[in-house]
Amino acid sequence: MRTIYICLGCAAQYLPPESMTYPSSPGVTASPVHCGAPGCRSAVAVSVAASGLPPEVLAKFARRAAGLDGERRVPRPARRARGRRAGAAPQSARSRLL
């Protein structure tokens, strides 16, 4: 089974050759984190450098987030710590001036 990749720049799904090299363009290799669009290539290069993670790991995280590797994983909402005070009243509540 071939691996489908997700572009981190435009969220498009793409299917590069299994060898990750293009036979029609010698010396050009496919990337596991971006599609062939020039804008995606430059934007993702900055993101990969800022994250400090290898591109293969980022590609795995993108496939998992899109639901291509097993069940789609979404972050859980943050829970309030126990024993803390409730949040402030909404802005439409009375103020000191009224």
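Here are the numbers:
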{"read-out": "Two-site label geometry, ARG2 and ARG64: point separation in nm, points 7 Å out along Cα→Cβ", "value": "2.5 nm"}
{"read-out": "THR29 accessible area, assembled protein chains, probe 1.4 Å, Å²", "value": "90 Å²"}
{"read-out": "Rg/Rh (Cα only; Kirkwood hydrodynamic radius) as it applies to the range 1-48", "value": "0.96"}
{"read-out": "Probe 1.4 Å, all protein chains present, accessible-area order of VAL33, VAL46, largest first", "value": "VAL46, VAL33"}
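The values are calculated or read from the model by the stated rules, or taken from the named source; none is laboratory data. What you see is a predicted model; the values in this text were computed from it and never measured. Please note: Cβ atoms are built from the backbone with ideal geometry, for glycine as well, and neighbour counts cover all protein chains shown. When the accessible area is computed, the model is the full protein with side chains, heavy atoms only, and any ligands, DNA or RNA have been set aside. Shrake-Rupley method; radii C 1.70, N 1.55, O 1.52, S 1.80 Å.
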